[in-house]
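> The structure under discussion is supplied below as structure tokens; questions concerning it will follow.
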Amino acid sequence: MTDTHSAPATLPTRRSDLLNPPEEYRRLREEEPVSRLSFPDGTVGWLVTRYEDVRAVLADPRFSTYLARHSSPVRATPPEERGELPPGHFISMDAPDHTRYRRLLTGQFTVRRMRALIPRVEQIVNGRLDVMEQVGEPADLVEAFALPVAALVICELLGVSYDDREYLQEVSETLMSSDAPTSELYAAVAGLSTYLRDLVRAKHEQPGDDIISGLVTGDNGLTDEEIAGMALPLLLAGYDAAANMLGLGVLALLLEPDQLAPLRGDDQVAQDNLVEELLRYLTTVHLGTIRGAKEDVRVGGELVREGEIVVASLAAANRDPQCCPDPDRLDVTRGRTSHLAFGHGPHQCLGQQLARVVLKVGYRELFRRFPGLRLAVPPEEIDTRDDKVMYGVYALPVAWSDQ
Ligand code: HEM
């Protein structure tokens, strides 16, 4: 450690407003872009906040996801509770195992399957809007729209029955929470693993046009346990991420209504740009991506020692002027940026094309159906998920009829 560092601090999580990351990130980027970070388990690692450095960490094979599998900047897992990875849990693996599983899955996220999902996403979104309209206002947009749309789309992708949605929602909340006791987390993973193993078995009997069926019927040498292990992160990552980005994106558009113009026209590129800008600006994976150094590595001039844990902050990187000019302004007309909201490198989001479809159709159809959509409570009353892996809002009360 050089003597230019402040004492190790904990990860900044306190926000000054709903849509912006903690103010402290700006100072860190400018003054201490690779700073010492104290973890809840007592160890000291690093926090990386500049765009180029975050990209470099995520692309560098000397940084391991496996080594960081028990580390979190907001919760400690006691050593006796650190289990091994379930088979197929590729998101916590490094090359070459990660590459092998990921390749098999990329083969399932085909252009054909993603295209075929577009009309299904449209049906799902419009189905939920019909229900919202029937039930009437005010409505909680998270409960009535974001969660069910995300759940239905992931259930469709994986071939999971919609009847199991509530169970999946509960398990997901437990697993994504930063304060649930570790014993609860393990119980939730065990329950979900059993559920998925049963589902895989059922797909042998009755395959459908979904990803689990594709893996079950493919000539890939995968065991049922591995397929269940591969499905688990797909289900959890996909559901939670899509739901939070839907809810938070709507809040951003309601707070900055001059950004809504692309959704009122038919320009597909303008709508794609709107989605990209919301992804960049809001960066819902706000606690950072976490890696462990396999050997000594220099990052932004600092020496990260073998075994040390690094938090690469996507939220800080996406607000760095190296990412785009005037990064703290939400500007849906700015055109494509190389933002890092889906991560970077070998673990970059596998579901990003699907996520883009869900967000575009979701925002567009919602504001078409309810052009007068507005918040039904003052913004100060909106409760945010500062402590969760995925940032977002717990509830978003809205109304839509003429006042
Ligand atoms: C707006 C929605 C989404 C956001 C912001 C998002 C963000 C991310 C980020 C930042 C990563 C990288 C994590 C890391 O490097 O440690 C990631 C990985 C991943 N995402 Fe997403 N995601 C979204 C939607 C989805 C969806 C819909 C799916 C599935 C259908 C999905 C599946 C995955 C998987 C499987 C990985 C791990 C890939 C690997 O380790 O190789 N995500 N996502």
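The values are calculated or read from the model by the stated rules, or taken from the named source; none is laboratory data. Please read all numbers here as calculations on a predicted model, not as lab measurements. For neighbour counting, all protein chains shown are included, and Cβ atoms are generated from backbone atoms with ideal geometry for every residue, glycine included. Remember, those area values only see protein heavy atoms, side chains included, never the ligands or the DNA or RNA. Shrake-Rupley method; radii C 1.70, N 1.55, O 1.52, S 1.80 Å.
> List the trypsin sites (Lys or Arg not before Pro) within the range 62-127 that DSSP assigns to loop and that have no more than 10 neighbouring Cβ atoms inside 10 Å. Before the final figure, lay out the partial values.
Numbers: sites: Arg62, Arg69, Arg75, Arg82, Arg100, Arg102, Arg103, Arg112, Arg113, Arg115, Arg120; in loops: Arg62, Arg69, Arg75, Arg82.
Counting only loop positions with at most 10 other Cβ atoms within 10 Å, the trypsin sites (Lys or Arg not before Pro) in the range 62-127 are Arg82.
> According to the Kirkwood expression over distinct Cα-Cα pairs, how big is the hydrodynamic radius of the range 91-172, in Å?
Values: mean 1/r = 0.0675 Å⁻¹.
Across the range 91-172, the inverse of the average 1/r is 14.8 Å.
> Here is a follow-up. Under a plain spin-label model, where a point goes 7 Å from the Cα along Cα-to-Cβ, how far apart in nm are Val111 and Ser183?
So the two model labels end up 5.3 nm from each other.
> Would you work out if the range 129-179 is rounded, prolate or oblate? Take a ≥ b ≥ c from the square roots of the eigenvalues of the alpha-carbon gyration tensor; rounded if a/c is under 1.5, else prolate when a/b is larger than b/c, oblate otherwise. Please list the in-between numbers first.
Details: a/c = 2.73, a/b = 1.37, b/c = 2.00.
Since a/c reaches 1.5 but b/c is at least a/b, the shape of the range 129-179 is classed as oblate.
> Another question, then. Using the Kirkwood radius built from alpha carbon pairs, what does the Stokes-Einstein equation give as D for the range 151-267 at 37 °C and 0.692 mPa s, in µm² per second? Numbers along the way, then the final one.
Numbers: Rh = 16.1 Å.
This corresponds to a translational diffusion coefficient of 204 µm²/s.
> May I ask you to compute the full-extension gain from Gln123 to Ser401, defined as 0.36 nm times their residue separation minus their alpha-carbon distance, rounded to one decimal in nm? Write down the numbers at each step before the final one.
On the way: separation 278, 0.36 × 278 = 100.08 nm, distance 2.32 nm.
Length difference between fully extended and current span is 97.8 nm.
> Using the Kyte-Doolittle scale, which helices in the chain average at least 0.5 and also have C-alpha atoms spread 20 Å or more along the helix axis, with helices defined as whole DSSP H runs? Working shown, then result.
On the way: long enough: 111-135 (36 Å, -0.09); 182-205 (35 Å, -0.08); 224-255 (46 Å, 1.28); 268-282 (21 Å, -0.09); 352-369 (25 Å, -0.31).
The qualifying helices are 224-255.
> Additional query: Work out which GluC sites (Glu not before Pro) in the chain are exposed loop sites (DSSP not H, G, I, E or B, at most 11 other Cβ within 10 Å) and give the longest gap free of them. It would help to have the intermediate numbers written out before the result.
Numbers: sites that count: Glu84, Glu295.
It works out to 85-294.
> Under 10 °C and 1.306 mPa s, how fast does the range 29-106 diffuse according to Stokes-Einstein, given a Kirkwood radius computed over C-alpha pairs? Answer in µm²/s, whole number. Let's see the in-between values first.
Values: Rh = 14.5 Å.
Using the Kirkwood radius from Cα pairs, D works out to 109 µm²/s.
> Would you mind calculating the gained length between Glu205 and Cys349 on full extension (0.36 nm times residue separation, minus the Cα-Cα distance), in nm to one decimal?
Values: separation 144, 0.36 × 144 = 51.84 nm, distance 3.06 nm.
Length difference between fully extended and current span is 48.8 nm.
> Excluding ligands, DNA and RNA, what is the solvent-accessible area per residue of the chain at a probe of 1.4 Å, expressed in Å²? Mind showing how you got there, number by number?
Numbers: 17470 Å² over 403 residues.
On a per-residue basis, the chain sits at 43 Å².
> Using helices alone, what [θ] at 222 nm do you get for the chain, with -39,500 (n - 2.57) per DSSP H run of 4 or more residues, divided over all residues and rounded to the nearest 500? Present the calculation step by step, with values, prior to reporting the outcome.
Values: 13 runs with 180 residues, N = 403.
Roughly -14500 deg cm²/dmol at 222 nm, from the helical runs in the chain.
> At a Förster distance of 41 Å, what's the computed FRET efficiency of Ala9 paired with Ala95, Cβ-Cβ distance as r, to 0.05? Intermediate values should be presented prior to the final figure.
On the way: r = 32 Å, r/R0 = 0.79.
FRET efficiency, Ala9 to Ala95: 0.80.
> When the accessible area of the chain is split by element with a 1.4 Å probe, what percent falls to carbon and sulfur? It would help to have the intermediate numbers written out before the result.
Values: 8870 of 17470 Å².
Whole-percent figure for carbon plus sulfur exposure: 51.
> Moving on. Work out how far the C-alpha atoms of the chain reach from end to end along every principal axis, then list the three figures in whole Å, largest first.
Here the spans come out as 61, 52, 37 Å, largest first.
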